[in-house]
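To start, the structure itself, in structure tokens.
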Amino acid sequence: MLWHPAYVGLGSNLDGPAGQVRKALAALAEIPATRLVRHSSLYGSRPMGPVAQPDFVNAAAGLLTQLEVEEFFAQLRSLERRLGRAAPRERWGPRSIDLDLLLFGQLRLDQPQLQLPHPGIVKRNFVLYPLAEVAPELPVPGCGRVAELAARINPEGLWRLDSEPASP
């Protein structure tokens, strides 16, 4: 079986967000035919969008999986439900856990439920800074390398939870 690299962004701003993200990182390692290779530090970030809500805790994870992209994505959605994510998903609203498939190898995909690379990846410091810890040289198809993309984006509203300044 072929191993596919997959990168996941994690976020939470409800029910003890740091603990939620840590629990989700551990659960990613339990996905069948998948190995958690590396994960970032935890970052705090200001929420985006019009909904008033608490700050987020974010991280990124690099995995290897033998699952095909559709099955891996289904596993992420199932994991969100098992970890307490309530449906329906409110755009930019508060959540106990959010698992976004950012990249799956160099696959480009444009389907109603899944776009790869994730369409917000190049605009979001809370995605790029943690991802730069995991895979700084990773190319984002059509965009550039993660570290280069992170260096171009302002870290405003983002902080490492160990109080160190965020840097790619």
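The values are calculated or read from the model by the stated rules, or taken from the named source; none is laboratory data. Keep in mind that this is a model prediction, so the values were computed, not measured. No Cβ is skipped: glycine too gets one built from the backbone with ideal geometry, and neighbour counts run over all protein chains shown. Just so you know, the surface numbers come from the protein's heavy atoms only, side chains and all, with ligands and any DNA or RNA stripped out. Shrake-Rupley method; radii C 1.70, N 1.55, O 1.52, S 1.80 Å.
So ARG22 passes all but one of these: (1) under 23 Å from ARG124 (Cα atoms); (2) in contact with a strand residue (DSSP E or B) (Cβ under 8 Å, 6 or more places away or on another chain); (3) at pLDDT 95 or above. Which condition number does it fail?
ARG22 satisfies every listed condition except (2).
So for the stretch 41-48 (the condition being touching a strand residue (DSSP E or B) at 6+ places or on another chain (Cβ under 8 Å), open to solvent by 60 Å² or more (accessible area, probe 1.4 Å) and at pLDDT 95 or above), does at least one residue qualify?
To start, the set of residues in the stretch 41-48 that are touching a strand residue (DSSP E or B) at 6+ places or on another chain (Cβ under 8 Å) comprises 41-47.
Narrowing the set further to residues that are open to solvent by 60 Å² or more (accessible area, probe 1.4 Å) leaves 46.
With at pLDDT 95 or above added as a condition, the list becomes none.
No, every residue in the stretch 41-48 fails to be touching a strand residue (DSSP E or B) at 6+ places or on another chain (Cβ under 8 Å), open to solvent by 60 Å² or more (accessible area, probe 1.4 Å) and at pLDDT 95 or above.
For GLN113, are the conditions met, namely being farther than 21 Å from PRO130 by Cβ and open to solvent by 70 Å² or more (accessible area, probe 1.4 Å)?
For GLN113, the condition - farther than 21 Å from PRO130 by Cβ and open to solvent by 70 Å² or more (accessible area, probe 1.4 Å) - is met.
Tell me which residues, restricted to the stretch 38-71, are under 24 Å from LEU114 (Cβ atoms), of a type in the set (Ser, Thr, Tyr) and not in a strand (DSSP E or B).
Scanning the stretch 38-71 gives a single hit, SER40.
List every residue pair whose Cβ atoms lie under 8 Å apart, where the two residues are 6 or more positions apart in sequence or sit on different chains, the first residue falls within the stretch 91-102 and is of a type in the set (S, T, N, Q), and the second residue, located anywhere, is modelled with pLDDT of 80 or more.
Qualifying pairs under 8 Å: SER96/SER12; SER96/LEU14; SER96/ASP15; SER96/GLN20; SER96/LEU83; SER96/GLY84.
Considering only the stretch 16-32, how many residues are open to solvent by 30 Å² or more (accessible area, probe 1.4 Å) and either in a loop (DSSP other than H, G, I, E, B) or touching a helix residue (DSSP H, G or I) at 6+ places or on another chain (Cβ under 6 Å) (or both)?
Selection size over the stretch 16-32: 4.
So LEU107 fits all but one of (1) assigned to a loop (DSSP other than H, G, I, E, B); (2) closer than 26 Å to TRP159 by Cα; what number is the exception?
(2)
Please tell me if GLY84 is open to solvent by 40 Å² or more (accessible area, probe 1.4 Å) and among the small types (Gly, Ala, Ser).
Numbers: open to solvent by 40 Å² or more (accessible area, probe 1.4 Å): yes; among the small types (Gly, Ala, Ser): yes.
Criteria met by GLY84.
Can you tell me which condition GLN106 does not meet? The list is (1) without any contact (Cβ under 8 Å) to a residue 12 or more places away in the chain; (2) surrounded by fewer than 15 Cβ atoms within 10 Å (Cβ to Cβ); (3) closer than 29 Å to MET1 by Cβ; (4) not hydroxyl-bearing (Ser, Thr, Tyr), and all the others hold.
(1)
Of the conditions (1) farther than 23 Å from TYR129 by Cα; (2) without any contact (Cβ under 8 Å) to a residue 12 or more places away in the chain, ALA26 fails just one. Which one is it?
The number of the failed condition is (1).
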